[in-house]
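Chemist: One structure, pasted below without further comment.
Readers should treat all values here as calculations from the given coordinates under stated rules, not as data from a laboratory. The shown structure was predicted, so the numbers you read here are calculated from the model rather than taken from an experiment. All Cβ positions, glycine included, derive from the backbone under ideal geometry; neighbour counts span all protein chains shown.
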Amino acid sequence: MTGQLRVGVIGTGGMGGRHAHNIRYQVANARLAAVMDVDADRAADIAGPAGADVFTDSLELIASDLVDCVIIASPDATHGDLAFACLEHGKHALVEKPLATDLDTAAALVEREAQLGRRLLQVGLMRRYDPQHVAVKEAIDRGEIGRPLMFRGWHRNPPEATPPTSKEVLVNSAVHDLYSARWLLEDEISEIYVRGTTINPERSDQLDLQLITMAMAGGAIASIEVNKDSGFGYEVGVEISGSHGMVTTAPHDTPVVRQDGHIRQSVEPDWLERFAVAYVREVQAWSTAVLEDRPEGPTAWDGYLTLAAALTGATSIQTGVPVKVDRPARPTLYA
Ligand code: ISE
């Protein structure tokens, strides 16, 4: 592909709206060509100033000759089918996580992409574009902590308008940390055990705080703390302990203020602020990879494995015991 990529964005809520904005203002080799949202006014507000076309049907947008590639940022349950349509049209897509909400759909996507023999899907597991996470990975790669032995992640969320169930927290939120553990340890999750706690025993399906512990196939161990409402803002970080040292993501980017007998530092309210730079880098890297047909970044296989671990975690909550994570053989496309 040459020239400027014509990008279609499906879903223009918080995340899709940010992607559309970044495509428009931060990516020189791409332009916003089409927008679809169930809220037609919202779609028009974003499309109008960009000179983009508005679609009322996602599948029509994917099929359109006006669109070279697609960003899928609609509700989680729609991701799988829309990603499938992109594969059938031979179009690259940046699919927001989770790749799908059920494992059969995620497996079908991996199988179809492997059959096509082309990596067309990139999944929005974007921690690997966050400068703080990247700095941790680089320190590990330089050998500064020796052999990585343990991953610890914390993922403290702001409140949602509709409080998510524990399973939704795993599938929508903790998939990021499951990905970070695999990426930073360069290893696969072999077993997962999740326990949680709630202040509202009548909603035991909405644990306030979950503690995920994992065994990695190569012998390392991992833990993730994830909640549905921190009560103070948004905070994500990782720490890796190695045989010769430790590396931790730097604290917040905000200044530390000493005033009136206090030391304070503000916390970002949400992921759009905390990961603003990462989202720009993600779409920049994706559009270059699409233009050069040289895919990089988290694959459908990563989407499948993180979903498998998240859903196995949901089973562990129900059974109260550690559960093995099934891992089929890796298709050669993802070698
Ligand atoms: C949200 O959809 C994201 O992708 C954020 O990165 C994550 O931290 C948050 O928990 C999700 O709900």
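Chemist: Give me the percent of DSSP beta bridges within the chain that run antiparallel, rounded to the nearest 5. Kindly include the intermediate steps, with their values, before the conclusion.
Modeler: Details: 32 of 57 bridges.
In the chain, DSSP labels about 55 percent of beta bridges as antiparallel.
Chemist: Quick one: Karplus J couplings for the range 59-67, per residue in order, coefficients 6.51, -1.76, 1.60, θ = phi - 60°, nearest Hz, x for Gly and Pro?
Modeler: For the range 59-67, the Karplus-derived couplings read 5, 5, 4, 4, 7, 5, 6, 7, 10 Hz, x marking Gly and Pro.
Chemist: Let me ask you something else. If the convex hull of the alpha-carbon atoms of the range 276-326 is projected onto planes in all directions, what is the mean projected area in square nanometres? Working shown, then result.
Modeler: Values: hull surface 19.7 nm².
Dividing the Cα hull surface by four gives the mean projection, 4.9 nm².
Chemist: Moving on. Which of the aspartates and glutamates could a cross-linker span from residue 91 if the Cα-Cα distance has to be under 12 Å and same-chain partners fewer than 8 positions apart are dropped?
Modeler: Counting by Cα, and skipping residues close in sequence, residue 91 has these aspartates and glutamates nearby: 65, 68, 113, 293.
Chemist: In addition: Just going by the charge dipole of the chain, with Lys and Arg at +1 and Asp and Glu at -1 on Cβ, which of 279, 190, 74 is farthest out on the positive end?
Modeler: Selected residue: 190.
Chemist: Same structure again: With only Lys, Arg, Asp and Glu charged, each at its Cβ (+1 for the first two, -1 for the last two), find how big the charge dipole of the chain is about the Cα centre; round to the nearest 20 debye. Before the final figure, lay out the partial values.
Modeler: Values: 30 positive and 46 negative charges, 172 e Å.
In total the dipole reaches around 820 debye.
Chemist: Also, I was wondering about something else. If one takes the longest principal axis of the Cα atoms in the chain, at what angle in degrees, from 0 to 90 and to the nearest 10, does the Cα axis of helix 14-26 lie?
Modeler: 60 degrees
Chemist: In degrees, nearest 10, range 0 to 90: what is the angle between the Cα axis of helix 276-291 and the longest Cα principal axis of the chain?
Modeler: It is inclined by approximately 50 degrees.
Chemist: Let me ask something additional. Need the list of lysines near residue 228 for cross-linking: C-alpha distance under 19 angstrom, and skip anything on the same chain fewer than eight residues off.
Modeler: Residue 228 reaches 97, 167.
Chemist: Relative contact order, percent, of the chain when contacts are C-alpha pairs under 8 Å separated by at least 6 residues? All intermediate terms of the calculation are to be shown ahead of the outcome.
Modeler: Values: 702 pairs, mean separation 68.0, N = 335.
Once normalised by length, the contact order is 20 percent.
Chemist: In the chain, how does Rg compare with the Kirkwood Rh, expressed as the Rg/Rh ratio over alpha carbon atoms? If you can, show how the numbers build up before the last one.
Modeler: Values: Rg = 20.0 Å, Rh = 20.6 Å.
On the Cα set of the chain, Rg over Rh gives 0.97.
Chemist: May I pose another question? Given N residues in the range 192-335, what is its alpha carbon radius of gyration divided by 2.2 N^0.38 Å?
Modeler: Details: Rg = 19.2 Å, N = 144, 2.2 N^0.38 = 14.5 Å.
Taking N as the residue count of the range 192-335, the ratio is 1.32.
Chemist: Show me the ranking of peptides 256-262, 140-146 by mean Cβ neighbours inside 10 Å, starting with the highest.
Modeler: Numbers: 256-262: 7.7, 140-146: 13.4.
Peptide ranking by packing, descending: 140-146, 256-262.
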